[in-house]
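Contents: one structure, followed by commentary.
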Amino acid sequence: MTGADPRDRGGPQQPLLIVDGLKKYFPLRNALGTVSAHVQAVDGIGFSIAKGETLGVVGESGCGKSTTARLLMQLIEPDAGSFVLDGDPVGRGGVTVRELRRQVQMVFQDSYASLNPRHTAAQEIAFGLRVIGKDTATAEAEARQTLRMVGLDPDLYAGRYPHEMSGGQRQRVNIARGIALNPRLLILDEAVSALDKSVQAQVLNLLDDLKQRLNLTYLFISHDLNVVHYVSDRVLVMYLGKIVEVGPVDRIWREAAHPYTRALFSSRLSMNPALRVAAPPLSGDPPNPVRPPSGCRFRTRCTLAEDVCAASEPALIPSPLDAAHAVACHIARAGSGHSLAGALANAA
Amino acid sequence: MSTSTTGLAALPPAVRKVARPPGRSFWMRLGRHLLRDRVAIVCLVILLAIALSAIFAPWLVPADPYKTSMLRRLLPPGERGYLLGTDELGRDMLTRLLYGGRVSLSMGLAPVVLATLIGGALGIIAGYFGRQVNMLIMRVIDVFYAFPSVLLAVAMAGVLGAGIMNSLISLTLVFIPPIARVAESVTTQVRNQDFVEAARATGAGSWRIIVEHMLANVTGPILTYASSLVSVSIIIASGLSFLGLGARPPIADWGLMLNTLRQAVYVAPLNAVLPGVMIFLTSVSFNLLSDSLRTAMDVRA
């Protein structure tokens, strides 16, 4: 099914989705209900997702990964930002938000909480199909078909309630619910994180299989770097509501340019006990997103921080060596005023 | 592509049949739990007996509940063929207790049913939409909450005037706030779960999500709470009748009978307490049944 997709309007070169200047501040209200401050959950991020790719999103808890996912799903309204869906701007003069929503579906982390406890697997999948206007019988039939696609025998599982299934089976139902609506982009928000390793592998294989068969594009959010490495084509690293680095997965794995990305990777446990690090590469918690540090948001925990890092915020600019690899760090940009500026790029 | 995660497909058909779960829904599981609960069954039997004998009173007891006789006043139970004796006007106690069940049971159930519909709807709307809608509805409810329920019922019945209809209205108003509160808190909890987000992600409208996703998940706790109010309603309704704000003579009503027989408590104590016993039996049964319902609902598979 990798041939021409009738939904494809912009051609293979046109990214499926371009996001620009996406911003979401959550107001903090005091006892009187007046807004006292804002949590800067997502602060002006921009990226694009190519057709058929898997874009991995990594970062610590609270860095804005899930908020980004919910913004893309239109589950929460962005304070600012624009979307371009397959070449058409979303909103005024382009495709509607409704259209965007239909092309994007999501699989949540908690397989139990994301299924209605009073619905059987088939009912749960059929709900979305009925919402888009199919009658009950058609929706049920399609739901059973979708169950088969995710590797669950409809004769056995269609009538089951969430509590009658295992975590892996429930997550398959969640995936089935997502793909039943025939989306082009599937957001996987920590979709395999709660599963044990063997089930995780099965579900990842299923996702890979579905991607080929249904011409899907994935936004894969996870804190598990090994899994991200395995599934992603490109990786996007977030810190405190900002993108700090984005690039092809192998490049980032080999030569991450941002100190935060490097720290993140060195926190991975090695399979080789001799290579295990004793000291934590990063100390402390991320700063309060209500009042983020001036300049570079990572500078408070960065071992290489200098005056320039507090003075100005580094822009996300493409690396001189690889245009697909962009970094938001003063060190990566020659002439930024940082004493190490350009040194890393030269070393690489 | 693999066809099954569990490897069940590899098993012979006979084994698969056994392994297949019955696909039991929430209400079926609840029913099974209740049927295993002895207290619940006893309460159900008592309530059913009281309700059926009230409904079929004309066929069960041939006596007229309103026929008075000065000659047969306050006969003790068993005398001259009166199984439970007679009241202060010589009317058959058994007959009046059965007929009284009609009024008392309706006064227990009707206000709670009405308040559940109104208060439940208000609470679900407040909980689902949140923010300003929640603020508006719940603050108005809080105003009613400030008054003790019995006092509120008495005040309202006093304003509206005596009568069964008016005490029904005032009881309904008394029960709306607590039910709305329970409904609101349960709805808020369910609303924040991922499956509601997932439903919204399909593009479904609020009404559809409330009907198809919220209702089934919130009715259980709301009904459990409402069932515990039935006994309170019976007692307050009896209280209103006792105070002369509810049913008016000569209507047979347990609260009213308690009031009129009160002067005879030294002469015929057994007759005087009988209506009280009926109120007690009914409200205790409703309470215990509601407790069983709550335990049965707590059980997570």
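The values are calculated or read from the model by the stated rules, or taken from the named source; none is laboratory data. Because the structure is a prediction, the values reported are computed rather than measured. Note that each Cβ is placed from the backbone with ideal geometry, even for glycine, and that neighbours are counted across all protein chains shown. Surface accessibility is based on the protein's heavy atoms, side chains included, excluding ligands, DNA and RNA. Shrake-Rupley method; radii C 1.70, N 1.55, O 1.52, S 1.80 Å.
Some values worked out for this structure:
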read-out: Local net charge near A:Arg251, Cβ-Cβ under 14 Å (Lys/Arg +1, Asp/Glu -1); value: -2
read-out: Given charges at Cβ of Lys, Arg, Asp, Glu: the stretch A:17-238 dipole, positive-most of A:Ser66, A:Leu216, A:Ser82; value: A:Ser82
read-out: ³J(HN,Hα) computed for each position of the stretch A:49-57 - Karplus, 6.51 cos²θ - 1.76 cosθ + 1.60, integer Hz, glycine/proline x; value: 10, 7, 5, x, 8, 10, 9, x, 10
read-out: Rounded Å value of the spacing that divides the Cα centres of the stretch A:80-99 and the stretch B:168-233; value: 36
read-out: Ratio of Rg to Rh over the stretch B:96-208 (Cα coordinates, Kirkwood Rh, two decimals); value: 1.12
read-out: Axial C-alpha extent at least 15 Å, average Kyte-Doolittle at least 1.6 - helices from chain B (DSSP); value: B:38-55, B:149-160
read-out: Note, ³J(HN,Hα) from phi for the stretch A:129-146, Karplus 6.51, -1.76, 1.60, rounded to Hz, x at Gly and Pro; value: 5, 5, 4, 7, x, 8, 6, 4, 5, 4, 4, 5, 5, 5, 4, 5, 4, 5
read-out: Set A:Lys24/A:Lys134; A:Lys23/A:Lys51; A:Lys24/A:Lys197; A:Lys24/A:Lys51 screened for pairs whose C-alpha atoms are more than 29 Å apart; value: A:Lys24/A:Lys134; A:Lys24/A:Lys197
read-out: Mean residue ellipticity (222 nm) of chain A, computed from DSSP H runs ≥ 4 via -39,500 (n - 2.57), nearest 500; value: -9000 deg cm²/dmol
read-out: Exposure rule at most 15 other beta-carbon atoms within 10 Å, DSSP loop trypsin sites (Lys or Arg not before Pro): chain B longest free segment; value: B:68-299
read-out: Efficiency of FRET between B:Ser185 and A:Thr303 - r from beta-carbon atoms, R0 35 angstrom, step 0.05; value: 0.15
read-out: Considering only the stretch A:148-297, percent of DSSP beta bridges that pair antiparallel, nearest 5; value: 55
read-out: Per-selection Kirkwood Rh - the stretch A:17-238 (Cα, Å, 1 d.p.); value: 18.3
read-out: Net charge of Cβ neighbours under 10 Å - reference A:Leu55; Lys, Arg +1; Asp, Glu -1; value: -1
read-out: Vicinal HN-Hα couplings computed from phi for the stretch B:248-259 (Karplus, 6.51 cos²θ - 1.76 cosθ + 1.60; Hz; Gly/Pro x); value: 10, x, x, 4, 7, 8, 4, x, 5, 4, 4, 5
read-out: Point-charge dipole on Cβ atoms (K/R +1, D/E -1) for the protein assembly as shown, about Cα centre, debye to 20; value: 1060
read-out: Average accessible surface area per residue within chain A, 1.4 Å rolling probe, Å²; value: 43
read-out: Gyration tensor (alpha-carbon) shape descriptor, the protein assembly as shown, a/c threshold 1.5; value: prolate
read-out: Environment charge of A:Ala323, counting only residues whose C-beta is closer than 13 Å and scoring Lys/Arg +1, Asp/Glu -1; value: +1
read-out: Nearest 10 degrees, 0 to 90: helix A:197-214 Cα axis against chain A principal axis; value: 80
read-out: In the stretch B:178-277, chymotrypsin sites (Phe, Trp or Tyr not before Pro) in a DSSP loop with at most 15 other beta-carbon atoms within 10 Å; value: B:Tyr266
